[in-house]
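Take a look at the structure below.
The values are calculated or read from the model by the stated rules, or taken from the named source; none is laboratory data. Model, not experiment: these values are computed from the prediction. Cβ: placed from backbone, ideal geometry, glycine included. Neighbour counts: every protein chain shown. Note: areas computed on protein heavy atoms with side chains; ligands, DNA, RNA excluded. Shrake-Rupley method; radii C 1.70, N 1.55, O 1.52, S 1.80 Å.
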Amino acid sequence: MGFFKSFFSSKPASPEEEKQKNIQKNFEIFKYDGMRAQRMGRADYAVKCFTSALELQEDFETMGYLAQIYIQTGDLDEARRLLDRMVQMEPDHTATYLTLANLCYMQEDYPAMVEAAKKAIDLEEGNAMAHYLLGKAVNGQEDNLMCVAHLTKAIVLQDDFMEARLLRAEALIKMQQYKEAMEDINAILAQDADDESALLLRGKIKEATGNVEEAEADYRNITELNPFNEQAFLYLGQLYITQKKLTEAIALFDEAIDINPNFAQAYHERGRAKLLNGDKEDSVEDLKKGLELNPKEVQEFNGQYGNQPGGSSTNVLGL
């Protein structure tokens, strides 16, 4: 009887308890509305919902959802702010450090990326992704030797980690370790014979080792597999210029520009081929168009067409 008496005569919730219940209820409504909006691809509405939820309650999971949307929509500073706070809230959560490392890569903040990846490794030594991200970070710092070392660790932990093999091959090529790089490239192509990134690297190795016809075949193969692979057009056109096949280079860049009229580097390289072919006037027009599409080329090329046969460098005006 005492139980039933106690049950039926329980005190009503205090105003403060009612307030907290309403806050929790509204928080959950905003959070789950945000999750639904995110699944439906309504990033703008999801941001509003998650932001409203976090104004009511600082919730780790909700912050993660919001940071993900900010990354997807390119608001990297806001995503960074949230991830930094998440690290403070739960410093033993490996996945947060991995996400933070990826974000730092997008911001080209390589020292912070190194720090985030190392913290993930401290928490989980056997995490192949953490070692890969550390290798990616030191690659951004142009430390090829340490890049290879960290990527090797990732590959030892996960032999089929093809992204790590691809990046290690790139670093090895920079170090002119072509034989070792080919081992990674062959492993990738054994899994996917049409992997465009691996074929591009194989072409660069063939070109560097004097197998020009095989390099040309790799580049041409990629342009046929994927006419939108701009790097393949660039490598093939640059190879033609090096071989002094200027008519072929110009025709190739004509094709590339037809596919993508905003392909700034194609205009630049076509202008270089035209200049070498004696067409100074059209060459300058191409350079102007390239600079209009990508003003950064002003600094990158410093007013010159570099990489010309014979090692000479010609001013864009031909002077």
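Numerical summary
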{"item": "Any pair with Cβ under 8 angstrom, 6 or more apart, that starts in the range 222-240 at a residue that is surrounded by 22 or more Cβ atoms within 10 Å (Cβ to Cβ) and modelled with pLDDT under 95 and ends at one that is in a helix (DSSP H, G or I) and of a type in the set (Asp, Glu)", "result": "none"}
{"item": "Answer residue from the range 16-53, given it is more than 31 Å from the chain's Cα centre (by Cα) and acidic (Asp, Glu) and is modelled with the highest pLDDT among those", "result": "GLU28"}
{"item": "Considering residues of the range 175-195 that are in a helix (DSSP H, G or I) and of a type in the set (D, E, K, R) only, the residue nearest to ASN226 (Cα to Cα)", "result": "ASP184"}
{"item": "Condition check for MET1: farther than 24 Å from MET106 by Cβ, of a type in the set (A, V, I, L, M, F, W, C) and modelled with pLDDT of 85 or more", "result": "no"}
{"item": "Within the range 13-41, considering residues that are assigned to a loop (DSSP other than H, G, I, E, B) and touching a helix residue (DSSP H, G or I) at 6+ places or on another chain (Cβ under 9 Å), the one least open to solvent (accessible area, probe 1.4 Å)", "result": "ALA13"}
{"item": "Long-range neighbours under 7 Å by Cβ, at least six apart or interchain, first residue aromatic (Phe, Trp, Tyr) within the range 120-139, second in a helix (DSSP H, G or I) and modelled with pLDDT of 95 or more", "result": "TYR132/LEU151; TYR132/ALA154; TYR132/GLU163; TYR132/ALA164"}
{"item": "Pick from the range 140-150, criterion assigned to a helix (DSSP H, G or I) and without any contact (Cβ under 8 Å) to a residue 24 or more places away in the chain, ranking: nearest to GLN88 (Cα to Cα)", "result": "HIS150"}
{"item": "Selection count where residues are free of Cβ contacts under 8 Å to residues at least 12 places away in the same chain and part of a loop (DSSP other than H, G, I, E, B), scope the range 196-221", "result": "2"}
{"item": "Qualifying positions in the range 151-169 - under 26 Å from PRO91 (Cβ atoms) and open to solvent by less than 40 Å² (accessible area, probe 1.4 Å)", "result": "ALA154"}
{"item": "Where SER9 falls short, out of the listed (1) more than 30 Å from GLY126 (Cβ to Cβ); (2) at pLDDT 95 or above", "result": "(2)"}
{"item": "The range 7-26 residues that are of a type in the set (Val, Ile, Thr), paired with ones that are at pLDDT below 65 and surrounded by 10 or more Cβ atoms within 10 Å (Cβ to Cβ) (beta carbon under 6 Å, 6 or more apart)", "result": "none"}
{"item": "Which numbered condition ASP195 fails, given (1) within 23 Å of GLY290 (Cα to Cα); (2) open to solvent by less than 50 Å² (accessible area, probe 1.4 Å); (3) at pLDDT 95 or above", "result": "(1)"}
